[in-house]
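Below: the structure, in structure tokens.
The values are calculated or read from the model by the stated rules, or taken from the named source; none is laboratory data. All of these numbers come straight from a predicted model, not from anything done at the bench. We place every Cβ from the backbone using ideal geometry, glycine too, and count neighbours over all the protein chains shown. Keep in mind that these areas ignore ligands, DNA and RNA; they rest on the heavy atoms of the full protein, side chains included. Shrake-Rupley method; radii C 1.70, N 1.55, O 1.52, S 1.80 Å.
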Amino acid sequence: MEPLIWDNVWPVDLPGELELGNTWESLDRFRHAGFHVQSITLAGDNHNSAQALKLVAWARREIRMRADRLLLVEAVEDIARARQSGRLAVLLHFEGTRCFERNPDLVEAFFRLGVRHTIVAFNMANSAGGGCADPEDRGLTAYGRKLIREMERVGMIVDLSHTGRRTSLDVIEMAEKPVLFTHSNVDTLRPAFRNLTDEQIRGCARTVGVIGVSGSSEYLGDPACDTATLFRHLDHMVQIVGARHVGLGLDCVFKTEWLNDWARGRPEEWPMTADPAWPGFTYVKPEQLGELRETMARSGYSEANVAAILGGNLLRIYSEAWA
């Protein structure tokens, strides 16, 4: 049987907000490219709890309306069900904890609605901790520690992408369950405010967690988003911590004009945009999956390690979290 293919980050166009070309219909590109599981970015630090709830309700309806092609994952068994029926299994996630409005009780409520992982802080500090774009990251707050414990209790996985380096290491130190960096690349290969130091990579592995390699040009350091560049970041992680701790978080955007203009208007949150020569974001596409698999095989990766990276590692993490 073909290995499970799981991409853990995809930002769907939100009503009245995003214009990324990432419509519900465009999820078919992942399905046709061979993906079996996709996690959808719905809300984050720019949404309060009421706004997040409306977006979750909207997403659940959109998925239900496409029941011939999509299946919302509410238990691990749903992934196998979706695959057997030729549908794409869909998870929901948040990019930032403002959605919980300092009320840890909301974690379980959103989890029961399908939200399966949440970033601690998106680029800038919030009530839980620091963001990766902050000039000074003061670390995980007392509230943040309480929130992490509640997320671990209910099975909502802690995501440390976009989170400040000190805050991420604070979370790793206290973590009792595996953590994720859903979509982050290697700072050694491409120095960037969003990329991970080897210390963070090793820390994630100590929790038995998984790092998803990002398909964004800014964090790859390659405007062409060549598959060979994506592999270099993936391989660096594998060489440091082993294939058991690496996965995919491509974060693909199909149309980048709106995103690039939006980021340029927020240099405090996206510091690279302060450079007038910044070329803007481009992204790896789902159709590059076959080439990535071939690159790993040519580079000596065993079939077992390829299968682990493409989806097996994430299946393990979520299976343990929801047990």
Principal semi-axes in Å for region 194-252 [√(5λ), Cα gyration tensor, largest first] = 20, 11, 10
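Take Ser319, Ser85 and sort them by solvent-accessible surface of the protein heavy atoms, 1.4 Å probe, largest at the top. Could you put the intermediate results ahead of the total?
Values: Ser319 40, Ser85 60 Å².
Largest to smallest exposure gives the sequence Ser85, Ser319.
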Ratio of Rg to Rh for region 238-323, alpha carbon only, Kirkwood?
-> 1.10
Under a 5 Å amide H to amide H cut-off, with H placed in plane at 1.01 Å, what residues pair with His117 once short-range neighbours are removed?
-> Phe94, Ile157
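Are there any trypsin sites (Lys or Arg not before Pro) in region 83-123 that are in a DSSP loop and have at most 15 other Cβ atoms within 10 Å? List them by number. If you can, show how the numbers build up before the last one.
Numbers: sites: Arg83, Arg87, Arg98, Arg102, Arg112, Arg116; in loops: Arg87, Arg102.
Counting only loop positions with at most 15 other Cβ atoms within 10 Å, the trypsin sites (Lys or Arg not before Pro) in region 83-123 are Arg102.
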Stretchable slack from Ser127 to Arg298, in nm (0.36 nm times residue separation minus alpha-carbon distance) = 57.0 nm
Working with all protein chains in place, sort Glu173, Glu108 by solvent-accessible area computed with a 1.4 Å probe, largest first.
-> Glu173, Glu108
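For the chain, which DSSP H helices look membrane-span-like by this rule: Cα extent along the axis of 18 Å or more and mean Kyte-Doolittle of at least -0.5? Working shown, then result.
Numbers: long enough: 49-65 (24 Å, -0.04); 142-154 (19 Å, -0.76); 227-241 (21 Å, 0.51).
Answer set is 49-65, 227-241.
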With the 1.4 Å probe rolled over protein heavy atoms, region 1-158 has an accessible area per residue in Å² of 40 Å²
Residues whose built amide H sits under 5 Å from the amide H of Leu70, excluding neighbours closer than 5 in sequence, are Leu88
Candidate residues Glu95, Glu25, Glu199: accessible-area rank, largest first, probe 1.4 Å = Glu199, Glu25, Glu95
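Assuming 0.890 mPa s and 25 °C, estimate D for the chain with Stokes-Einstein, Rh taken as the Kirkwood radius over Cα pairs, in µm²/s.
In µm²/s, the coefficient is 127.
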